[in-house]
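Undergrad: Supplied in structure tokens, the structure appears directly below.
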Amino acid sequence: MTTIAFPTLISRPTSYTGLWSWIGTVDHKRIGTLYGVTAFLYFLVGGIEALIIRGQLAQADNDLVSPEVFNQLFTMHGTTMVFLVVMPMSAAFFNWMVPLMIGARDVAFPRLNAFSYWSFLFGSIFLNLSFFLGGAPDAGWFGYANLTGSTYSPGDGVTFWALGLSILGVASLAASFNFVVTILNMRAPGMSLMKMPVFIWMALVTSVLMALAMPVIAVALVQLALDRVWDTNFFNPLAGGDPVLWQHLFWLFGHPEVYILILPAMGIVSEVLPVYSRKPLFGYPAVVFAGAVIGFMGWFVWSHHMFTVGLGPAANSAFAISTMLIAVPTGVKIFNWVGTIYGGKLRLDTSMLFSLGFIAMFIIGGLSGVTHASPPTDAQQQDTYYIVAHFHYVLFGGAILGLFAGGYYWWPKMTGKRLGETLGKWHFWVMLIGFNITFGPMHWLGLNGMPRRIATYAEDLGWETSNAIASAGAMLIAIGVLIFIINVIRTIRSTQEAEDDPWDGRTLEWSIPSPPPVYNFAVVPQVKSLDDFWYQKHPELLHDERGEHADSTEHAAEEAHTGGSIHLPGMSYYPFIVALGMTLGVAGFMEVYVEIPGTGGQFPWLSAIGIVIGMFGIMGWTFEPVSEEGGH
Amino acid sequence: MAQVAVAHDPHGHVADTNTGISNRKLLMWVFLASDCLFFGSFIATYLVYRNESTIGPYPNEVLDIPVTSISTFVLLMSSLAMVLALNYTQRNRAGLARFWLLSVAALGLVFLGFQVVEFTTFVKEDLTIHRNLFGTTFFILTGFHGLHVFLGVLWLLGMAFAHFKGALTSRSSEDLEIAGLYWHFVDIVWIVIFTVIYLIGFSDGEGLETVGHAASAIGG
């Protein structure tokens, strides 16, 4: 292919160490690490916000923070935990593990992958800058119109929220496109769809959900931002606009989003349980099918968030039925996990403990979820602490515990060192107990009528004991997180080296060194069955566990590709530059203008700078070859 | 595609993908699926707010169906030109390929010109994004479509540049095919928008009345 001679705008980074090598990296493993570290830092930020909230609510008539600050705290806590912690932490595992588990050397679009991370980082920084620039968003994490309108939210906070989430949406979209293509197109020879690990299936379903759900929230956010900045009428009731439209758009995104948050954790648990039970996953096709059905049905339940809006009995009944139905595939998964453990030779390492904790907590959260599938019941629970308890049981007890399970499980593969088991078990038990002490009493509080999002409450309502217990539990969770941090620091400082396959794993990532070399697989693996690596190690189990006969031919790759060096995509600064330009361009909508002298006109200088930087980056990106000729 | 594949194949020829569709083309299909939901949400918003404006100008006072029909025809013809450009690129007929490629971009620009004229006229008739719900939903929906057309024109001009430089040949015609997928999609979306805004967009059930009159005329 003839390439166009085009001046190199910025020469690509050459060193594989130092700051610039991280800014220019396109290696999926390094990008995964960046995602993971950033998401964990935001986990601490969101956690501190939660601790202040619990501090404020620890006793009646408290005045630790003002109601205004309280509103900002719960809004940013929710937004942070959903968009800046669980989603990017899942992205960290996708980045690290998808290529390793399907036997690929990188994702389909390495530079787009880097762009996803940098847009996520810049978008999240932009969102959090609002704390220092006139106040954070304060209208709740689902930002209901017309509370978010200029009348009721006169500050800049909600504009920061709408624009910041739009940037994060672009990051999620780019990542989801990349993973759909990677999973569909770049599997190792022989790995048909039904031979993919369940985690890969869940990554695929999650990515499809993101690709289809993020545009919906993007549209809602664009409408909101335009209403605020350009005075359009989308959610302006005076002009005939309908605030309920926002709710429909938000939840049409929001419910698939719930599955975007939980499916990756379900995938992790589906990998961890078989390994520590030394049994194949019980009913693999059912687990895969249930995940896909959840992804599909997740589109038909959104209005159960709106039972009290007054959509009428027909709509409420339809959404009640679909909501109860979606519990079925979820239940199928739980039975399959239990079936996997049943009769297994269990090894209760930390990762296994977190997975078991996930199942138990997710059952509680799932059951409380089914209770508000019924509109009359939901009318009692709407906007109470019962709802807060429910979604923390599925998002903390579910997603966060599942992600920690993945962290302990894959840490040796990612870093070459095992996280400490003793501290790990302390971490698990302290966090699990603290979690239940925090969120268990919220069920009672909610049923006793305590509304969510109130900055304080009066003395004689009977809520004081439960709130005090919940706040104490929050401290315990914080101690659990501290134990984890100490564990990580001690592990990093230790000199131990983990084996390539410390848990006797089943999937391809355990067949390569820990940590993996830049190119992942020296020889592209040839896959013959599900859990191929396991049956390479234990060919005698193939008949008993899968009803297949061991192939007499040699399992390892027939033709070792020794013909040449492995070409890897070259590093590039352009994804960073494009993401920076996009963020500045969007930030310019914050009415950052200069007066043009003598005309009275205004010039959006920040947007202009952003567009110039972005165009420059796109030009460089387009004309930069993916890899240098003849080397890497 | 070729470059990405080379990165994974030591021998330098295009590696097969699991689906048989190249990574870049699959990326475009996934993007288009995603874009369906983007336009779908804006179109749904338009439909929800149809006939809900509290003050004028109303659609039937400002929309000029004959003029927009012409620009719609221009955009449809650009899709035809796109097909021809790809066809001649694949058959190595450089001159014709370049002619049709530039035609697509030119027809896209003509469409955008119509849109600029239409927007300016409406603003003169006091229809702005602030004025009423119709203005808000009309300008933002057609504006985002226009933005898609504009980006498509830039992309096609880049393609034409590559063709003149000899970088776009029958061997790399998939680059153009992917741009074509995008272009046809934007075209199809316009057909939906044209139908929703211009053809069924008249307020207060007037359209239904017309059908009723026609029916009684036939019956009587």
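The values are calculated or read from the model by the stated rules, or taken from the named source; none is laboratory data. Every value quoted in this text rests on a predicted model; they were computed, and no experiment measured them. FYI the Cβ positions are ideal-geometry reconstructions off the backbone, even for glycines, and counts take in every protein chain you see.
Undergrad: Which one of the conditions (1) surrounded by 15 or more Cβ atoms within 10 Å (Cβ to Cβ); (2) in a helix (DSSP H, G or I); (3) not acidic (Asp, Glu) does A:Arg506 fail to meet, given that it meets all the rest?
TA: With respect to (1) surrounded by 15 or more Cβ atoms within 10 Å (Cβ to Cβ); (2) in a helix (DSSP H, G or I); (3) not acidic (Asp, Glu), A:Arg506 is out only on (2).
Undergrad: With respect to B:Ser71, determine if the residue is away from chain A (no Cβ under 14 Å), more than 30 Å from B:Gly166 (Cβ to Cβ) and either touching a strand residue (DSSP E or B) at 6+ places or on another chain (Cβ under 9 Å) or of a type outside the set (Val, Ile, Thr) (or both).
TA: yes
Undergrad: Hey, among the residues in region A:334-361 that are within 30 Å of A:Arg452 (Cβ to Cβ) and touching a residue at least 60 places away in the same chain (Cβ under 8 Å), which one's surrounded by the fewest Cβ atoms within 10 Å (Cβ to Cβ)?
TA: Selected residue: A:Ile359.
Undergrad: Within region A:176-212, restricting attention to residues that are of a type in the set (Phe, Trp, Tyr) and closer than 16 Å to A:Asp106 by Cβ, which residue is surrounded by the most Cβ atoms within 10 Å (Cβ to Cβ)?
TA: The selected residue is A:Phe179.
Undergrad: Would you kindly identify the helices (runs of 4 or more DSSP H) lying entirely within region A:1-93 that contain at least 2 residues that are away from chain B (no Cβ under 14 Å) and within 30 Å of A:Ala108 (Cα to Cα)?
TA: Numbers: elements: A:19-23, A:28-57, A:67-79.
So the answer is A:19-23, A:28-57.
Undergrad: Let me ask something else. Can you tell me which residues in region A:154-202 are free of Cβ contacts under 8 Å to residues at least 60 places away in the same chain and outside any helix (DSSP H, G or I)?
TA: Of everything in region A:154-202, those that are free of Cβ contacts under 8 Å to residues at least 60 places away in the same chain and outside any helix (DSSP H, G or I) turn out to be A:Pro154, A:Gly155, A:Ser192.
Undergrad: Taking region B:12-57, which residues are of a type in the set (D, E, K, R), more than 30 Å from B:Glu125 (Cα to Cα) and more than 8 Å from every other protein chain (Cβ to nearest Cβ)?
TA: B:Asp16, B:Arg24, B:Lys25
Undergrad: I'm told A:Phe296 meets every condition in (1) assigned to a helix (DSSP H, G or I); (2) in contact (Cβ under 8 Å) with a residue 12 or more places away in the chain; (3) farther than 17 Å from A:Phe358 by Cβ except one. Can you identify the failing condition by its number?
TA: All conditions pass for A:Phe296, except number (2).
Undergrad: Same structure, new question: Out of all the residues in region A:218-233, is one or more among the aromatic types (Phe, Trp, Tyr) and either at the interface with chain B (Cβ under 10 Å from one of its Cβ atoms) or not in a helix (DSSP H, G or I) (or both)?
TA: Scanning region A:218-233, I find at least one residue that is among the aromatic types (Phe, Trp, Tyr) and either at the interface with chain B (Cβ under 10 Å from one of its Cβ atoms) or not in a helix (DSSP H, G or I) (or both), so the answer is yes.
Undergrad: Could you list, ordered by first residue, the pairs with Cβ atoms under 6 Å in which the first is in region B:157-178 and within 8 Å of chain A (Cβ to nearest Cβ) and the second is surrounded by fewer than 16 Cβ atoms within 10 Å (Cβ to Cβ), at least 6 apart or interchain?
TA: Final answer for the pair search is B:Lys165/A:Ile4; B:Gly166/A:Thr2; B:Ala167/A:Thr2; B:Ala167/A:Ile4; B:Ser172/A:Met1.
Undergrad: Take B:Gly158 and tell me if it is surrounded by fewer than 21 Cβ atoms within 10 Å (Cβ to Cβ) and at pLDDT 95 or above.
TA: For B:Gly158, the condition - surrounded by fewer than 21 Cβ atoms within 10 Å (Cβ to Cβ) and at pLDDT 95 or above - is not met.
Undergrad: Return yes when A:Thr80 is crowded, with 19+ Cβ neighbours inside 10 Å, at pLDDT 95 or above, closer than 22 Å to A:Arg453 by Cβ and out of contact with any helix residue (DSSP H, G or I) (no Cβ under 7 Å at 6 or more places or on another chain) and no when it is not.
TA: The answer is no for A:Thr80.
Undergrad: Next question. How many residues does region B:88-106 hold that are farther than 13 Å from B:Leu157 by Cβ and assigned to a helix (DSSP H, G or I)?
TA: Residues that pass the stated criteria total 9.
Undergrad: Against the conditions (1) over 14 Å from the mean Cα position of the chain (by Cα); (2) surrounded by 18 or more Cβ atoms within 10 Å (Cβ to Cβ); (3) away from chain A (no Cβ under 11 Å), where does B:Asn87 fall short? Just the number, please.
TA: (2)
Undergrad: Identify the residue in region A:446-499 that is touching a residue at least 60 places away in the same chain (Cβ under 8 Å), of a type in the set (Ser, Thr, Tyr) and outside any helix (DSSP H, G or I) and, among all such residues, is farthest from A:Tyr393 (Cα to Cα).
TA: A:Ser494
Every residue, every condition in (1) modelled with pLDDT of 95 or more; (2) not in a helix (DSSP H, G or I), yes or no:
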| position | (1), (2) |
| --- | --- |
| A:Thr340 | yes, no |
| A:Lys345 | no, yes |
| A:Met352 | yes, no |
| A:Leu356 | yes, no |
| A:Ile359 | yes, no |
| A:Ile363 | yes, no |
| A:Gln380 | no, no |
| A:Leu401 | yes, no |
| A:Phe404 | yes, no |
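Undergrad: Testing A:Leu261 on (1) assigned to a helix (DSSP H, G or I); (2) within 11 Å of another protein chain (Cβ to nearest Cβ), one condition comes back false. Which one is that?
TA: If we test A:Leu261 against (1) assigned to a helix (DSSP H, G or I); (2) within 11 Å of another protein chain (Cβ to nearest Cβ), just (2) comes out false.
Undergrad: Can you spot a residue in region A:168-187 that is aromatic (Phe, Trp, Tyr) and within 9 Å of chain B (Cβ to nearest Cβ)?
TA: Yes.
Undergrad: So, one more: Checking A:Ala162 against (1) closer than 23 Å to A:Asp242 by Cα; (2) surrounded by 22 or more Cβ atoms within 10 Å (Cβ to Cβ); (3) touching a Phe, Trp or Tyr at 6+ places or on another chain (Cβ under 6 Å), which single condition isn't satisfied?
TA: (3)
Undergrad: How many residues, within region B:146-193, are of a type outside the set (A, V, I, L, M) and either on the phi > 0 side of the Ramachandran plot or not in a helix (DSSP H, G or I) (or both)?
TA: So the answer is 6.
Undergrad: Also, I was wondering about something else. From the list B:Phe194, B:Phe150, which one is closer than 26 Å to B:Val30 by Cα, within 14 Å of chain A (Cβ to nearest Cβ), surrounded by fewer than 21 Cβ atoms within 10 Å (Cβ to Cβ) and at pLDDT 90 or above? Talk me through it step by step, then tell me what you get.
TA: Working: B:Phe194 fails: within 14 Å of chain A (Cβ to nearest Cβ).
Within the list B:Phe194, B:Phe150, the selection yields B:Phe150.
Undergrad: Looking at (1) assigned to a helix (DSSP H, G or I); (2) crowded, with 18+ Cβ neighbours inside 10 Å, which is the one condition that is false for A:Ala373?
TA: If we test A:Ala373 against (1) assigned to a helix (DSSP H, G or I); (2) crowded, with 18+ Cβ neighbours inside 10 Å, just (1) comes out false.
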